[in-house]
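Comments concern the structure below.
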Amino acid sequence: MTLKPVYIHDFNCVTPLGADLDRNWESLLAGQIGLTSQKIGFLPEVFASKIEASALANYAWPSGTRLEKMMYEAVAPIRARHQPTTRTAFIVATTKGNISDLRNAATDQALLTQLADRLAKAMDISTTPIIVSHACVSGVLAVAVAKRLIQMGSYDDAIVLAGDEVGEFVVSGFQAFQAMSPFPCKPFDKNRAGVSLGEATACVYISATAGSFEIVGESSINDANHISGPSRTGEGLYQSVRGALLEAGLTAADIDYISAHGTATAYNDEMEAIAFNRLALSNVPVNSLKGVYGHTLGASGLLETVIGLKCMIEGLLIPTAGFEEMGVSQPLHLLKQLQQKNISYFLKTASGFGGSNAALIIKKV
């Protein structure tokens, strides 16, 4: 059975580098990063990427929580350009949602269903929200879910919105793993020392109407290795990318650019290098945006997809901030400088706790 093609039409993001995609792009071209030394609640200072309250003034939602205001800022312009109908899916991707509200005993407000319902109401979206909360692959997986639901005929189009914020709960958890870097993280670098956390929101609008970016392949595989450690052979990521290539009818030679997960932890970076080499992707230009934005958890996959789409439009590849010297055992074509390149096919990958992996291939039409 031939499935109908599905396209990404519109996209936006809100990060510490800017309250929309254009301002983020300008900052990326200027070589800016969002990671700075931050005091997070009662915890000692850490390097993290946090959004200033003053950046959330374009689309005010006075009653929203901080995370809801961040997400509203990303979705509002998309919503204004694409009127939702009773056939529009609203998909929300996040790992922790309003978990910061637990400190105020606001347990109901911390529920992901409450977050999604409040956003849907604010956006005047009538369909029941769909929540994708699958660790750090949530953003990529949400796009795949939207594509499949449209292809199945369940919906005509979809608004996919992802967001996570940095708070004491998240930072203390990564500190318990001894996974936090004492300096801005350095993905794939020999001298890396762990992750830096960040916060962001991102949004895409998807439908079966022909557009500029077709989602030609997607796949997600769990490696069932460990609750917090990836397969040492990169099996889950290997199978995810392989599945996406098969659906797209492509080979590794067709891929022009990879936006890797690239958390700057030893296990993740090594796993990705092994998987990409098994897939014959070692010569494809690859970067990680974690050295710019930090690890934005459930938002990372969608944020990095949005930036990747902008790279396709502009024909420019963004360097991997913090990377200086190869720190993995397998060769990779890590981007160290801004590079011009015509990008026809873009591969986005993500991996996360619980053995989750996901891959997305987008074609510039």
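Here are some notes:
- Between the listed residues T94, W25, N58, the Cα displaced farthest toward the positive end of the dipole of the stretch 1-123, a dipole computed from Cβ unit charges relative to the Cα centre, is found at T94.
- D (Stokes-Einstein, µm²/s), Kirkwood Cα radius, the stretch 11-168, 1.567 mPa s at 4 °C: 78 µm²/s
- Within the accessible area of the chain (1.4 Å probe), percent carbon and sulfur: 51 percent
- Evaluated at q = 0.19 Å⁻¹: base-10 log I(q)/I(0), Debye formula over Cα of the stretch 264-365: -1.05
- For the chain, averaging the sequence separation of C-alpha pairs within contact (under 8 Å, six or more residues apart) and dividing by the residue count gives a relative contact order of 23 percent.
- Dipole size of the chain about its Cα centre, with +1 on Lys/Arg Cβ and -1 on Asp/Glu Cβ: approximately 200 debye, rounded to the nearest 20.
- Here the scattering of the stretch 135-212 is modelled by Debye summation over its C-alpha atoms, one equal scatterer each and no solvent; at q = 0.12 Å⁻¹ the log10 of I(q)/I(0) is -0.53.
- Per DSSP, loop chymotrypsin sites (Phe, Trp or Tyr not before Pro) in the stretch 37-76 with at most 16 further Cβ within 10 Å: F42
- Extension gain, A280 to F183, is 31.7 nm, computed as 0.36 nm per intervening residue step minus the present C-alpha separation.
- Most mobile of I91, I159, I227 in a GNM of the chain (Cα contacts under 10 Å): I227
- Loop-located trypsin sites (Lys or Arg not before Pro) in the stretch 70-137, at most 11 other Cβ atoms within 10 Å (DSSP): none
- Lys, Arg +1 and Asp, Glu -1 on Cβ, resulting dipole of the stretch 57-191 about Cα centre, debye, nearest 20: 240 debye
- Evaluated with a Cβ-only charge set (Lys, Arg +1; Asp, Glu -1), the stretch 193-334 carries a dipole of roughly 100 debye about its Cα centre, given to the nearest 20.
- Pairs of alpha carbons in the stretch 37-87 separated by more than 12 Å make up 70% of all such pairs.
- Taking each DSSP H run with n ≥ 4 as -39500 (n - 2.57) and averaging over every residue of the chain yields -9000 deg cm²/dmol at 222 nm.
- Relative compactness, the chain, computed as alpha-carbon Rg over 2.2 N^0.38 Å: 0.90
- Average projected area [Cα convex hull, the stretch 117-268], square nanometres: 11.5 nm²
- For the stretch 201-273, the spread of Cα coordinates along the three principal axes comes to 40, 32, 22 Å, biggest extent given first.
- Listed cross-link partners K186/K310; K69/K336; K96/K363 are compared with a 29 Å cut-off, the Cα-Cα value being larger for K69/K336; K96/K363.
- Positive-end residue of M326, I206, M180, charge dipole of the chain with Cβ unit charges: I206
- Under 12 Å, Cβ to Cβ, from G262 - net charge with Lys/Arg +1 and Asp/Glu -1: -1
- Taking the Cα atoms of the stretch 1-74, the ratio Rg/Rh between the radius of gyration and the Kirkwood radius comes to 1.12.
- Cα-Cα separations in the stretch 187-313 greater than 25 Å, expressed as whole percent: 25 percent
- For the stretch 239-311, the fraction of alpha-carbon pairs in successive 5 Å shells from zero, as %: 3, 14, 25, 25, 22, 9, 1
- Remark: C-alpha extents of the stretch 309-365 on the principal axes read 34, 28, 17 Å, sorted largest to smallest.
- Distance in nm between pseudo-label sites at K39 and H333 (7 Å out along the Cβ direction from Cα): 4.7 nm
- Averaging the sequence gap over all C-alpha pairs within less than 8 Å and six or more residues apart, then dividing by the number of residues, gives the stretch 163-289 a relative contact order of 26 percent.
- Positive minus negative residues near S154 (Lys, Arg vs Asp, Glu; Cβ under 13 Å): +2
- Environment charge at I33 (Cβ cut-off 13 Å; Lys +1, Arg +1, Asp -1, Glu -1): +3
- Over the stretch 250-365, accessible surface divided per residue gives 29 Å², non-protein components excluded, 1.4 Å probe.
- Span per principal axis, largest first, for the Cα atoms of the stretch 64-148 (Å): 36, 25, 20
- Low-density loop positions, GluC sites (Glu not before Pro), the stretch 43-110 - DSSP coil, at most 12 other Cβ in 10 Å: E45, E52
- Relative contact order computed over the stretch 24-92 (Cα-Cα under 8 Å; 6+ residues apart), in percent: 17 percent
- Of S300, P285, S37, farthest towards positive along the dipole that unit charges on Lys, Arg, Asp, Glu beta carbons give the chain: P285
The values are calculated or read from the model by the stated rules, or taken from the named source; none is laboratory data. In this text the structure is predicted, and so the values were computed from the model without any measurement. FYI the Cβ positions are ideal-geometry reconstructions off the backbone, even for glycines, and counts take in every protein chain you see. Ligands, DNA and RNA are stripped out before the accessible areas are found, and what is left, the full protein with its side chains, is counted by its heavy atoms. Shrake-Rupley method; radii C 1.70, N 1.55, O 1.52, S 1.80 Å.
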